[in-house]
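The values are calculated or read from the model by the stated rules, or taken from the named source; none is laboratory data. Quantities reported herein were computed from a predicted structural model and do not represent experimental measurements. So basically every Cβ, Gly included, is an ideal-geometry build from the backbone, and we count neighbours across all protein chains shown. For accessibility, only protein heavy atoms count, side chains too; no ligands or nucleic acids. Shrake-Rupley method; radii C 1.70, N 1.55, O 1.52, S 1.80 Å.
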Amino acid sequence: YIAIISLEQCQHYKDDFNAEYEEYRNLHSQIDRINKNFRQFLEQWKSLIPGSEAYQVKKDKTVKAVLHHSSAL
């Protein structure tokens with residue numbers, strides 16, 4: 001970064017930051033929701049027996065969720 005030497009330059013940087021900040025916050029919120037969902041999935045996985053029908057159903061739902069979230073980003 002170069003040193004800010006004028007008020008105009010400072011305002012320009014502030015304007016750029018503010019223009020992008022809402023998008024950053026929206027992306028951050030999406031990531032927080034996705035992380036919450038995966039933490040819940042992990043807790044649910046812990047109670048399942050590998051190979052069981054419930055395990056397979058949860059696995060299928062998890063794969064669908066991963067594909068959905070990766071396409072949304």
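Numbers below:
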{"item": "Residues of region 22-73 that turn out to be surrounded by 11 or more Cβ atoms within 10 Å (Cβ to Cβ) and of a type in the set (Ser, Thr, Tyr), as a count", "result": "2"}
{"item": "Looking only at region 1-20, and only at residues there that are among the small types (Gly, Ala, Ser) and assigned to a loop (DSSP other than H, G, I, E, B), the one that is most open to solvent (accessible area, probe 1.4 Å)", "result": "ALA3"}
